[in-house]
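The values are calculated or read from the model by the stated rules, or taken from the named source; none is laboratory data. This structure is a prediction, so every number in the text was calculated from the model and none was measured. In this analysis, Cβ positions are derived from the backbone assuming ideal geometry, glycine residues included, and neighbour counts consider all displayed protein chains. Note: areas computed on protein heavy atoms with side chains; ligands, DNA, RNA excluded. Shrake-Rupley method; radii C 1.70, N 1.55, O 1.52, S 1.80 Å.
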Amino acid sequence: MIIEPRMRGFICLTAHPKGCEANVINQIQYTQPKGQIKGPKNVLVIGASTGFGLASRIVSAFGAGASTIGVFFEKAPAEGKTASPGWYNSAAFQKEAKKAGLYAKSINGDAFSDDIKNKTIDLIKKDLGKIDLVIYSLASPVRTNPKTGVTHRSVLKPIGQNYTNKTVDFHTGVVSSISINPSTEEDIENTVAVMGGEDWQMWIDALLNAGVLADNALTLAYSYIGPALTEPVYRKGTIGRAKDHLEETAFKITDTLKKLNGKAYVSVNKALVTQASSAIPVIPLYISLLYKTMKEKGIHEGCIEQIDRLFRERLYTGQEVPTDEKGRIRIDDWEMRADVQDKVAELWEQATSETLPAIGDLQGYKSDFLKLFGFNFSNVNYLEDVNENLQIEELQ
Ligand code: NAD
Ligand code: NA
């Protein structure tokens, strides 16, 4: 069928298989020519189909030559309906990996469940033996705890007080004021249950108990800090509590991995347009001003640039991994540079519906958003009839 973007609120209901393929190929072509990373051989990526997780899988495979198992939760194509973008991304990844002679298999299902953990462990035992890098890159609004059966929903709210600030509807470019009510204690607990470190720990416990982690195994999860501007709704809000928990979990997991001499790291990444970040109020306005500023300074990065730098300049340099005073790897260093933040803060004051097209990168935001769903790639013919019923090879 001929596939066009169909927007509803902050999501796009359709995805384009050819555009998703272009997205994956572009990322491969970024990391591959930089030469082989002396890195991991067998990598498990949990949340491997979009955003930072997909980039992590691509750098592992096409940057380091690793065998990869990817776990994700994506919608298959159905009668008259396209699949979700992560489905097509994974179909393209599998195809390219096969062409390159790289082992790659994928598992589609709820990573929070015991069932998917067991399935993953069985596959590792059967095909790879042991894993030396586990990347945990889930972003989800909901998690059912397999031990209690309770379903938790995360919320994006400030803690303790109302938060009012500017926000933009990036589809229309209208800048308005938004007021968000403070969370309840229950909201905080639920958000920590979904986006904190409990499930990461469960994965590592399960993998360790099954004997499928190699000596010196590393595991990595992704966090965000951001500027004072977004603090009330991000780092000091409910999601920030979850990130605090995730970061504390890294130390616990390092303890868990002691007998293997393994280690857990959290990497603090840059703010980027992904399905997850588009849903957070205020953040899209911040991102559009940040993109403008970083592009002008020639230091803008997308997911693949970030993760490629994480591997080549932080994790696999042959030297000790550089971290901040809280033990975190920082690849948000360029975002957080004083000259960048001062400029964004200045632009923030000026941002209105009228000024934003000139002072912000709304076009870049929109373009990146469409690209998440496989639209807006210049080398794809969107008038062409394409097979939306694409299947993922080596899907377990
Ligand atoms: P994303 O939405 O692009 O990716 C989420 C991934 O999780 C997808 O592969 C999806 O299939 C998978 N997933 C979701 N629920 C699942 C489930 N129940 N079972 C299996 N898989 C599931 O998100 P992202 O922006 O790449 O976020 C990944 C991590 O990076 C998050 O921890 C996020 O907080 C962090 N991060 C994001 C940003 C940003 O600006 N986007 C910045 C810094 C850190
Ligand atoms: Na991801």
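In this label model, Lys38 and Arg6 are separated by 5.3 nm, measuring between points 7 Å along each Cα→Cβ vector.
Just order 155-164, 240-249, 302-311 by mean Cβ neighbour count inside 10 Å, highest at the front, would you?
302-311, 240-249, 155-164
Non-local lysine pairs in region 231-323, meaning eight or more places apart or on different chains, with alpha-carbon distances under 30 Å, amount to 20. Could you tell me which of rounded, prolate or oblate describes region 42-138, using a ≥ b ≥ c as the square roots of the eigenvalues of the alpha-carbon gyration tensor, with rounded for a/c under 1.5 and, failing that, prolate when a/b is larger than b/c and oblate otherwise? Verdict is oblate for region 42-138.
Its alpha carbons give the chain an Rg and a Dmax of 20.3, 59 Å. Take the chain with all the other protein chains still there, run a 1.4 Å probe, and you get 42 Å² of accessible area per residue.
The equivalent ellipsoid that matches the C-alpha gyration tensor of region 152-234 spans semi-axes of 36, 16, 11 angstrom, in descending order. Among the protein heavy atoms of region 211-332, carbon and sulfur supply 48% of the accessible surface, probe 1.4 Å, non-protein parts ignored. Placing +1 on the Cβ of each Lys and Arg and -1 on the Cβ of each Asp and Glu in region 227-349, which of Val273, Met336, Ile307 has its Cα farthest towards the positive end of the resulting dipole? Of the listed residues, the answer is Ile307. Based on Cα atoms of region 277-375, Rg over Rh with Rh as the Kirkwood radius reads 1.02. In the structure displayed, which of Lys18/Lys95; Lys95/Lys366; Lys166/Lys343; Lys117/Lys147 lie more than 21 Å apart, Cα to Cα? From Lys18/Lys95; Lys95/Lys366; Lys166/Lys343; Lys117/Lys147, over 21 Å: Lys95/Lys366. Put simply, the Cα atoms of region 331-396 extend 47, 32, 18 Å along their principal axes, the longest span coming first.
Considering only beta bridges that DSSP places wholly inside the chain, some 30 percent are antiparallel.
Our helix-only sum for the chain, with -39,500 (n - 2.57) per DSSP H run of n ≥ 4 divided by its residues, gives a mean residue ellipticity at 222 nm of -11000 deg cm²/dmol. Summary of packing: across the peptides 316-327, 289-300, the per-residue average of other C-beta atoms within 10 Å ranks them, highest first, as 289-300, 316-327. Each peptide in 111-119, 143-151 gets a packing score, the mean of other Cβ atoms within 10 Å over its residues, and the list from highest to lowest is 111-119, 143-151.
First obtain the Kirkwood hydrodynamic radius of region 133-189 from its Cα pairs, then insert it into the Stokes-Einstein equation at 20 °C and 1.002 mPa s, and state the resulting D in µm² per second as a whole number.
150 µm²/s
For the pair Gln319 and Glu79, the difference between a 0.36 nm per residue extended length and the Cα-Cα distance amounts to 81.2 nm. Enter the Cα centre distance for the pair region 275-325 and region 184-235, rounded to the nearest angstrom. Each part's Cα centre sits 19 Å from the other's. Stretched out straight at 0.36 nm per residue, the stretch from Ile178 to Thr148 would grow longer than its current Cα-Cα span by 7.2 nm. For region 1-88, a/c is not less than 1.5, where a ≥ b ≥ c are the root eigenvalues of the C-alpha gyration tensor, and a/b tops b/c. That puts it in the prolate class. Computed over the chain with a Gaussian network model linking Cα atoms closer than 10 Å, the most mobile of Ala271, Ala61, Ala206 is Ala206. Summing charges over neighbours of Ala271, with a neighbour being any other residue whose Cβ is under 11 Å away from its Cβ, gives -2 when K and R count +1 and D and E count -1. Mean-square fluctuations from a GNM of the chain, with a 10 angstrom spring cutoff on Cα atoms, peak among Val24, Val134, Val340 at Val340. If you sort the three axes of the alpha carbon gyration tensor as a ≥ b ≥ c, you get a/c of 1.5 or more for region 103-222 and a/b above b/c, which makes it prolate.
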